[in-house]
Amino acid sequence: MLSGGCACGAIRYECTAEPLFAVNCHCRDCQRETGSAFAPVLGVPAAAFTVTRGIPGYFEVISDRGTPTRRAFCTACGSPLFGAPRGAGEIATIRAGSLDDPSVFKPTRDIYVARAQPWDYMNPELPKFQKLA
């Protein structure tokens, strides 16, 4: 089981399924959401994902694919937590930094590297994709 939450503890979540994917996303939306070079993201089945404490805030952005994606955050401390991309099937996208044990995150690829910042160092051993793959 995966579990995690925000920095202040107001929001908690659990996932009872194995991750479907683990990526480093370098799109501009993820850069803005994290305030960093990329977002480390675990995709999990939405049916196995549950918020167990608190009520997160949400905002919506239009992805590079042209579809809306909802992003969840803690309204008290601002921590980015997870997303719900529309048009990507029934998945939730957990921000790896919000996991209780972030060491379980093992990225398998870098995506949206066409949007990566020139100062961003990417692991040369991971496959690189210009867009979503």
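Just so it is clear, none of the values below were taken in a lab; they were calculated from the coordinates. Keep in mind the model is a prediction, meaning the values are calculated, not measured. A quick note on method: Cβ atoms are made from the backbone with ideal geometry, for glycine too, and the neighbour counts reach across all protein chains shown.
Considering the dipole of the chain built from charges on the beta carbon (Lys and Arg +1, Asp and Glu -1) around the Cα centre, which of 121, 85, 52 is farthest to its positive end?
Value computed over the given set: 85.
What 222 nm value per residue comes from the helices of the chain, counting each DSSP H run with n ≥ 4 as -39,500 (n - 2.57) and dividing by all residues, nearest 500 deg cm²/dmol?
-1500 deg cm²/dmol
Residues with amide H under 5 Å of residue 63's amide H, sequence separation 5 or more or different chain, H placed in the peptide plane at 1.01 Å from N; which?
Placed amide hydrogens put 69 under 5 Å from residue 63.
Can you pull out the GluC sites (Glu not before Pro) in region 1-90 whose DSSP state is coil and whose Cβ has at most 12 other Cβ atoms within 10 Å?
90
With charges only on Cβ, +1 for K and R and -1 for D and E, what is the dipole size of the chain about its Cα centre, in debye, rounded to 20?
Its charge dipole is roughly 300 debye.
With a 10 Å radius around each residue's Cβ, average the other Cβ atoms per peptide and rank 40-48, 19-27, highest first.
The packing order, highest mean first, is 19-27, 40-48.
Between residue 100 and residues 5 or more places away or on another chain, which pairs have amide H atoms under 5 Å apart, with H built 1.01 Å from N, and which residues are they?
Here 3, 4, 5 satisfy the definition.
What is the Cα centroid distance between region 17-32 and region 68-82, reported in whole angstrom?
A separation of 14 Å, based on Cα centres.
Assuming R0 = 30 Å, what is the FRET efficiency of residue 1 and residue 114, from their Cβ-Cβ distance, to the nearest 0.05?
Efficiency computed from Cβ-Cβ geometry: 0.25.
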